[in-house]
Amino acid sequence: MMDIEQIKADMAAGTPGPWRRTLSGKSKVPSEFGVENVKRRGVCSTGGYEDGRDGTYEENKANARRIARVPDLEARIIADSAVRAAADALAEAVRKVIEEGVQDRVTPWRKDGVISKMDKCGHGMTISEGCEACSDEYLDAALSVYRAATEAET
C-alpha cells in the first residue's frame, strides 16, 4: 500500500509539476535524457550512463519519459485514494443499514437518558419500529460524499 501522506509531502517539497523531457536550448526540442518542470527547473538526467550492454541508451530515454510522468501519476494516485476512501465509507454505510439499522434518536423514552428501543427519531418512529427515512438520510449523506469524491477527480 502506498503512503498517500508521504506522496503529498514529497509533492509539496519537491519540484512542482507538471514535468516534461528537458527542452534543448533555443530549439525547444525535447532532449532524450533530461527531465524538467514547465518553468525549466531541471529535475534529473538519465543520460551519461553506459554499461556496455545493448539497449542502455534506449533504457535511459525510456527512463526519462517515465520520470516525466511522475507528477501526473502522483496526482492520480491521490485522487484515486480519495475515491477509494469514499467508496469504502459508502459500503460501510450500506452494511450498517442492512445489518444494524440506522435511526437518529432525538426523543429519549426513558427519563434517565439510557438508550431504549422506545426512543423516537425525528420522524416519530421508535427504535424498535425502525425508520426508513432515517436510513435513507444516512445513505444519502454517504452517497453525497462518494459523489463529491468522484466528481472532484474528473
Applying the Karplus parametrisation 6.51 cos²θ - 1.76 cosθ + 1.60 with θ = phi - 60° to the phi angles of the range 132-142, what ³J(HN,Hα) value in whole Hz is obtained for each residue in order, glycine and proline being reported as x? 5, 5, 5, 4, 4, 5, 5, 5, 4, 5, 5
With +1 on each Lys and Arg Cβ and -1 on each Asp and Glu Cβ, and nothing else charged, work out how big the dipole of the range 66-150 is about its Cα centre, in Debye to the nearest 20. 220 debye
Considering the options ALA87, HIS123, VAL70, tell which one lies farthest towards the positive end of the dipole of the range 65-142, charges being +1 on Lys and Arg and -1 on Asp and Glu at the Cβ, about the Cα centre. VAL70
Surrounding net charge for PRO16, when Lys and Arg each add one and Asp and Glu each subtract one, Cβ distance under 9 Å: +2
Labelled set [x] 1, 8, 15, 16, 14, 12, 12, 9, 7, 4, 1, 0; [y] 2, 8, 11, 11, 10, 9, 8, 7, 6, 6, 5, 5, 4, 4, 3, 1, 0, 0; [z] 2, 9, 12, 17, 20, 16, 10, 7, 4, 2, 1, 1, 0, 0; P(r) over Cα pairs in 5 Å bins from 0, in percent computed from this model equals the value at [y]
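Read-outs throughout are calculated quantities, based only on the coordinates presented, and are distinct from any laboratory measurement. The shown structure was predicted, so the numbers you read here are calculated from the model rather than taken from an experiment. Note that each Cβ is placed from the backbone with ideal geometry, even for glycine, and that neighbours are counted across all protein chains shown.
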